[in-house]
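One structure is given below, encoded as structure tokens.
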Amino acid sequence: MKQLFFIFFITSVAFAQNQQWGNGGGQQWSNGSPIGKISGTVVDASTGKPVEFATISAFRKDTLQTGCITDAQGNFSMEKLKFGKYKLKISFIGYENLEKDSILVLPKSPEINTGTIKLKPNTKVLGDVTVTTDKDLV
């Protein structure tokens, strides 16, 4: 009885591994969908310093697919993306929003590195500010 259970267990594990990775040709989800990756670095355009906690959103056919934030060195990575054409939207407080169109994740190139993305500081000048206060008589 123990031998039969052991054979069943080994067979089911082997079958599960085959279902998870498919029949070669790159990584796949368990349902057979392909996996891609988009990565890069976000820096300040004027200083060249990394922008920590910038938000990166990946859109496919104007539908949000996934998103992430940059780390302390300005690096980001989005994994488990289906093959197709993506648009990235990069934003952070104090910087102008930036969009990168036509990022293609394909079987021939499943891992895309966007390189260094430079965010321009948002330099809106505020008008004059006057601060007034009342002084107590006593």
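For G36, what charge total do you get from the other residues with a beta carbon under 13 Å from its beta carbon, if Lys and Arg give +1 and Asp and Glu give -1?
Numbers: positive: K37, R60, K80, K82, K85, K108; negative: E79, E111.
So the environment of G36 carries a net charge of +4.
Rank these by accessible area, largest first, 1.4 Å probe: D101, D71.
The ordering from most to least exposed comes out as D101, D71.
What's the ranking of 36-43, 89-96 by average number of surrounding C-beta atoms within 10 Å, highest first?
So the order, starting with the most tightly packed, is 36-43, 89-96.
For a protection proxy built on the mean count of beta-carbon atoms within 10 angstrom, sort 60-68, 47-55 highest first, please.
Highest mean packing first, the order is 47-55, 60-68.
Find the accessible area per residue for segment 43-89; the probe is 1.4 Å, ligands and nucleic acids are left out, and the unit is Å².
So segment 43-89 comes to 57 Å² accessible per residue, rounded to a whole number.
The values are calculated or read from the model by the stated rules, or taken from the named source; none is laboratory data. Keep in mind that this is a model prediction, so the values were computed, not measured. All Cβ positions, glycine included, derive from the backbone under ideal geometry; neighbour counts span all protein chains shown. All accessible areas refer to the heavy atoms of the entire protein, side chains included, with ligands and DNA or RNA removed. Shrake-Rupley method; radii C 1.70, N 1.55, O 1.52, S 1.80 Å.
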